[in-house]
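Asker: To start, I am sharing the structure in question, which I have written as structure tokens.
The values are calculated or read from the model by the stated rules, or taken from the named source; none is laboratory data. Predicted, not measured: the structure shown is a model, and the values here were computed from it. Quick reminder, even Gly has a Cβ in these numbers, built from the backbone with ideal geometry, and neighbours come from all protein chains shown. Note: accessible area is taken over every heavy atom of the protein model, side chains too, but ligands, DNA and RNA are not part of it. Shrake-Rupley method; radii C 1.70, N 1.55, O 1.52, S 1.80 Å.
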Amino acid sequence: MEEKKIYLTSAEIGCLWTAYMNDSMSKCILDYMLKHLKDPEIQPAVQFAYDLSVSHLDQLLAIFEQEQYAIPQAFTEQDVNMEAPWLFSDVFCLTYVNHMAKVGMLSYSGFVAMSAREDIRNYYTKGLIDISTLYNQTTEIAISKGIHARHPYIEVPKKTDYVDNKEYLSGLNPFKNKRPLNAVEISHLYMNVLTNTMGVRLCISFAQTSPSKEIQDYMLRGKDISNKHIQVFSDILLENDIPTPQLPDVSVSNSTTQTFSDKLMMFHMSFLSAAGTGNYATAAAASQRSDLALNYERLSLEIAQYAKTGADIMVKHAWLEQPPGTKDREKLARKKGQDE
């Protein structure tokens, strides 16, 4: 008896497209990093990340061929200038891979949850294990080098407690003292300082290497937004006598030679904007102090406006590849009527 074919769902089609776009971008960036890396402890971790991207692309191409799925154009060797001079420090490369592994773990867990077909679930489950291994590997290297931005310590609770006053959830009244931050709120504030710091460095590197004034201005605007958000979160931590992250030297060189295509850099910023919006939404939902939730919502709007400007630029230059979707049935029906 012939086995019935199980077709891909809309979620699986979307997840596969997203994964291919992200891995093709990562392959370009990691390949360039590997050419200039000198540190013998960091190099294997970045090599592992590169190998994962290559392996993922090969597996995705096999699925696309099996399903007669149009292969996305995504990014190729044409989107990276391998002859460009050194741009990122070795510590930046390690920090970047660690940060992208965090984003990858969130993405892959979501892909697993949205997939139904066994082979697709198995692919993403294996991918989640691989990306978790990469995160652990890069974290261990950072700790061993003394450059890991560890979250702050607070006193371990000695007893359980319950909220006995509605003021625990308040924080908007300027005439009342706000309650101290709890551990969950501290963790999100701290993490969002770290992610925005990575955004600042990427914006700087992209701005100084793009030949386009339009892209330079966009990247510098992104740097300013990230710096502003860092200041907002850091001020809240300092008000509660919580130290801000002690960040490693994630330096960028003075190179102005174009290293990555404008198309790739704009896609990367779109990717980071989406991740940042997700981080803020999670933080807003987890924060019980109303002023914190309001801050995350306000700053999310700023990210959304920035992302919209970026999307407009990508459409203008035909850089925005369209995700798979459904046909406009009404438009098809009207066209058929005109043809008859």
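Asker: How large is the charge dipole for segment 137-292, taken about the Cα centre, if only the Cβ atoms of Lys, Arg (+1) and Asp, Glu (-1) carry charge, to the nearest 20 debye?
Answerer: Dipole about the Cα centre, nearest 20: 80 debye.
Asker: Something else now. So if I take the centroid of the Cα atoms in segment 174-229 and the same for segment 84-109, what is the distance between those two points in Å?
Answerer: 16 Å
Asker: Along each principal axis of its Cα atoms, how long is segment 115-239 end to end? Whole angstroms, biggest number first, please.
Answerer: That works out to 54, 46, 38 Å along the principal axes.
Asker: Same structure again: If I fit a long axis through the Cα atoms of helix 183-209 and take the longest principal axis of the Cα atoms of the chain, what angle between them do I get, 0 to 90°, rounded to 10?
Answerer: 50 degrees
Asker: Quick one: Kirkwood hydrodynamic radius for segment 99-165, alpha-carbon pairs, angstrom, one decimal?
Answerer: Kirkwood hydrodynamic radius for segment 99-165: 14.8 Å.
Asker: Sorting R179, R289, R150 by accessible area (1.4 Å probe), largest first, what list results?
Answerer: In descending accessible area the options line up as R150, R179, R289.
Asker: Nearest 10 degrees is fine. How inclined is helix 262-286 to the longest principal axis of the chain, computing both from alpha carbons?
Answerer: Taking Cα atoms only, the helix is inclined about 50 degrees.
Asker: Hey, got the Cα dimensions of segment 257-332 along the principal axes, in Å, largest first?
Answerer: Extents along the principal axes, in whole Å: 48, 46, 16.
Asker: If you don't mind, another one. Mind ranking K308, K223, K4 by accessible surface for me, highest first, 1.4 Å probe?
Answerer: Sorted descending by solvent-accessible area, the residues read K4, K308, K223.
Asker: Moving on. Quick one: putting +1 on the C-beta of Lys and Arg, -1 on the C-beta of Asp and Glu, what dipole do you get for segment 101-146 around its Cα centre, in Debye to the nearest 20?
Answerer: Once rounded to the nearest 20, the dipole reads 100 debye.
Asker: Between 0 and 90 degrees, rounded to the nearest ten: what's the tilt of helix 213-239 against the longest Cα principal axis of the chain?
Answerer: With both axes taken from Cα atoms, the answer is about 30 degrees.
Asker: Suppose each label sits 7 Å from its Cα in the direction of the beta carbon; what would the L294-N173 distance come out to in nanometres?
Answerer: 1.3 nm
Asker: Then there is this: Where does segment 133-175 land on the Kirkwood hydrodynamic radius, alpha-carbon pairs, in angstrom?
Answerer: With all distinct Cα pairs of segment 133-175 included, I get 14.8 Å.
Asker: Percent of Cα-Cα pairs per 10 Å bin, from 0 to the last occupied bin, for segment 7-52, please list those.
Answerer: Reading upward from the zero bin: 25, 37, 22, 12, 3.
Asker: Largest first and in whole Å, give the semi-axes of segment 240-294's equivalent ellipsoid, each being the square root of 5 times a Cα gyration tensor eigenvalue.
Answerer: 32, 20, 7
Asker: Still on this model: Once the cut-off is 21 Å, how many percent of the Cα-Cα pairs in segment 19-88 end up in the long-distance tail?
Answerer: When every Cα pair of segment 19-88 is considered, 31 percent fall beyond 21 Å.
Asker: Another one. Heavy atoms only, probe 1.4 Å: what % of the accessible area of the chain goes to carbon and sulfur, would you let me know?
Answerer: The nonpolar share, carbon plus sulfur, comes to 55 percent.
Asker: Sticking with this structure for a sec: Using a Förster distance of 35 Å, how high is the FRET efficiency between D161 and A11, based on the Cβ-Cβ distance and rounded to 0.05?
Answerer: Efficiency for this residue pair is about 0.30.
Asker: Counting only helical runs of four or more DSSP H residues, what would the 222 nm mean residue ellipticity of the chain come to if each run contributes -39,500 (n - 2.57) and the total is spread over all its residues?
Answerer: -23000 deg cm²/dmol
Asker: Identify, among F75, F92, S24, the residue whose Cα sits farthest towards the positive end of the charge dipole of segment 1-122, taking +1 on the Cβ of Lys and Arg and -1 on the Cβ of Asp and Glu, with the dipole about the Cα centre.
Answerer: Selected residue: F92.
Asker: If ligands, DNA and RNA are left out, what is the accessible area of D31 with a 1.4 Å probe, given in Å² to the nearest 10?
Answerer: Its accessible surface works out to 50 Å², give or take rounding.
Asker: Now for a different question. On alpha carbon coordinates alone, what is the Rg over Rh value for segment 154-211, Rh being the Kirkwood radius?
Answerer: Rg/Rh: 1.23.
Asker: Against the globular-protein guess of 2.2 N^0.38 Å, express the Cα radius of gyration of the chain as a ratio, rounded to two decimals.
Answerer: Compared with the compact-globule rule of thumb, the chain sits at 1.11.
Asker: Quick check for you: with a 1.4 Å probe and neighbouring chains kept, what is the accessible area per residue of the chain, in Å²?
Answerer: Normalised by residue count, the accessible surface of the chain is 55 Å².
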